[in-house]
Amino acid sequence: MRKILLLIPLLFFTFSIYAASDLTSQRNPYYKVLKQYTRESEIYSTEDIHAQYIVNATYLSEEFRSSFKTFFKKFYPDGQDGLAEKRAQLWSEDQGEVSFLVALYAKNRKMIPLGDPNSLWDLSLKMNGETYKPQLVEKVITSPLELKFFPFVNRWFQLYRVSFPAASGSNSDKIQLNLSSVVGHSELKF
């Protein structure tokens, strides 16, 4: 009987560790959806082996937003009235447009500011045979929330929320985000 009583706390402790690790595990269903809606492009210099730029973009589709909300609720089952809730809205709220999280690393740090009038970058979206320019390019300060929910993000990347005027509800089999600059061109197809 004593052995059983000693075993119960050990089982509870083991289960709690397993439950916590399930939230942070790449096996979590959220990470499968994230992978499905994230594309990466790397452009390297022909003169050396250094990356000129690396871009990761996550299409904030309805399915992605739903998965994000579900995963967020596992961390905050009763909601959160502070910064985490505000940060999560950037990636979970449907604004009626086509939106992306764009994480950009550039070897030349002066090239980084997307959306700046003096930027050397150009962003466009091709969808349903139309080409759109962004209506919003918002620089986002990386927080622990983004590091947790977007594991490809690190301190070398600058984050942006990019929105295009195309209707998010419109049915399109092919969505292509284009990033162009003097150092290269990337076509991210979703």
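Once region 16-31 is narrowed to residues that are within 18 Å of N154 (Cβ to Cβ) and over 13 Å from the mean Cα position of the chain (by Cα), the residue that is modelled with the lowest pLDDT is T24.
When the residues of region 32-61 are filtered to those that are at pLDDT 95 or above and acidic (D, E), the one that is least open to solvent (accessible area, probe 1.4 Å) is E42. Does Y30 meet the test of being in contact with a Lys or Arg (Cβ under 9 Å, 6 or more places away or on another chain), in contact (Cβ under 8 Å) with a residue 12 or more places away in the chain and not in a strand (DSSP E or B)? Here the answer is yes, as Y30 does meet what is asked. Taking strands (runs of 3 or more DSSP E) as the structural unit, those lying wholly within region 98-190 and holding at least 2 residues that are within 22 Å of Q36 (Cβ to Cβ) correspond to 98-106, 122-127, 158-164, 175-181, 184-189.
The values are calculated or read from the model by the stated rules, or taken from the named source; none is laboratory data. This one's a predicted model, so the numbers in the text were calculated from it and none came from an experiment. Neighbour counts run over all protein chains shown; Cβ positions are idealised from the backbone, glycine included. The area values use the complete protein model at the heavy-atom level, side chains included, leaving out ligands, DNA and RNA. Shrake-Rupley method; radii C 1.70, N 1.55, O 1.52, S 1.80 Å.
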